[in-house]
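Enquirer: Let me give you the structure first, and then I'll get to my questions.
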Amino acid sequence: MKKNNTISVMITKAAKAIMAFILTVSLNTAYSQTNTPQTSKSLHVVVANDSTTHPIIVEKEMGINQSNYKLLQLDNNGLLYTREVKVNLQSWPDFVFHKEYELMPLNEVETFIAKNGHLPNIPKAEIIETDGLNLGEMNKLLMQKVEELTLYLIEQQKVIDAQQKRIEALETKNQ
């Protein structure tokens with residue numbers, strides 16, 4: 001257990017150093033290795049070595065006699081808190097709606113899931129658990145699956161509508 005705790009402390013220290021450096025360079029913001037923020041312009045970084053919850057906090061100064069606005073917070077468990085993350089991507093899966101896109105038949109999807117234990121084109125759980133995931137790429141894959149589901153639903157609705165017409169025709173004929 002002590003080894004895991006030591007590794008955790010080392011990771012936390014490395015994360016603090018990296019985040020502080022990146023934020024200092026990218027935001028032109030000074031930082032301190034204490035709980036006392038060093039201010040430059042309107043943003044500052046607090047790197048708290050003795051913090052038991054949030055070793056890194058990035059705040060925006062709101063002005064005299066106003067509370068600072070917390071922009072980003074990293075806790076000791078590696079969780080990053082922020083209000084929004086914007087990911088820039090070069091492509092989006094609207095290709096699913098192009099006529100030449102071949103939607104995998106549902107029976108093939110079912111076979112793939114039975115054989116592999118996950119959806120086609122989605123990484124296996126072991127890969128995500130080991131390597132993590134790219135938020136932008138995963139969002140793109142999830143949107144592709146949502147768009148494919150929409151196409152499946154449209155096809156299902158066409159089948160339902162055709163069946164309903166046949167039922168109504170049979171009911172009219174039998175009356």
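Enquirer: Just for region 51-107: of the residues that are touching a residue at least 40 places away in the same chain (Cβ under 8 Å), outside any loop (DSSP other than H, G, I, E, B) and surrounded by fewer than 13 Cβ atoms within 10 Å (Cβ to Cβ), which one is farthest from the chain's Cα centre (by Cα)?
Expert: Top of the filtered list is LEU106.
Enquirer: Hey, could you check region 38-50 for residues that are more than 30 Å from the chain's Cα centre (by Cα) and of a type outside the set (Gly, Ala, Ser) and say which is modelled with the lowest pLDDT?
Expert: Once the filter is applied, the top-ranked residue is THR39.
Enquirer: Oh, and also: Would you check which residues across region 137-147 are within 11 Å of LEU89 (Cα to Cα) and exposed (fewer than 14 other Cβ atoms within 10 Å of the Cβ) and list them?
Expert: Across region 137-147, the qualifying residue is only GLU137.
Enquirer: Moving on. Which residue, of ASN121, ASN107, ASN116, is among the polar types (S, T, N, Q), touching a Leu at 6+ places or on another chain (Cβ under 7 Å) and more than 30 Å from VAL47 (Cβ to Cβ)?
Expert: ASN121
Enquirer: Now, a different point. How many residues are outside any loop (DSSP other than H, G, I, E, B) and either surrounded by fewer than 12 Cβ atoms within 10 Å (Cβ to Cβ) or in contact (Cβ under 8 Å) with a residue 12 or more places away in the chain (or both) if we restrict to region 108-123?
Expert: 5
Enquirer: Same structure again: Can ASN107 be described as under 30 Å from VAL58 (Cβ atoms) and of a type outside the set (D, E, K, R)?
Expert: It is false that ASN107 is under 30 Å from VAL58 (Cβ atoms) and of a type outside the set (D, E, K, R).
Enquirer: Restricting the search to region 114-124, which residues are over 23 Å from VAL85 (Cα atoms) and among the aliphatic types (A, V, I, L, M)?
Expert: Those that are over 23 Å from VAL85 (Cα atoms) and among the aliphatic types (A, V, I, L, M): ALA114, LEU119.
The values are calculated or read from the model by the stated rules, or taken from the named source; none is laboratory data. Just so it is clear, the model here is predicted, and its values are computed rather than measured. Methodologically, a virtual Cβ is constructed for each residue, glycine included, from the backbone with ideal geometry; neighbour enumeration extends over all protein chains shown.
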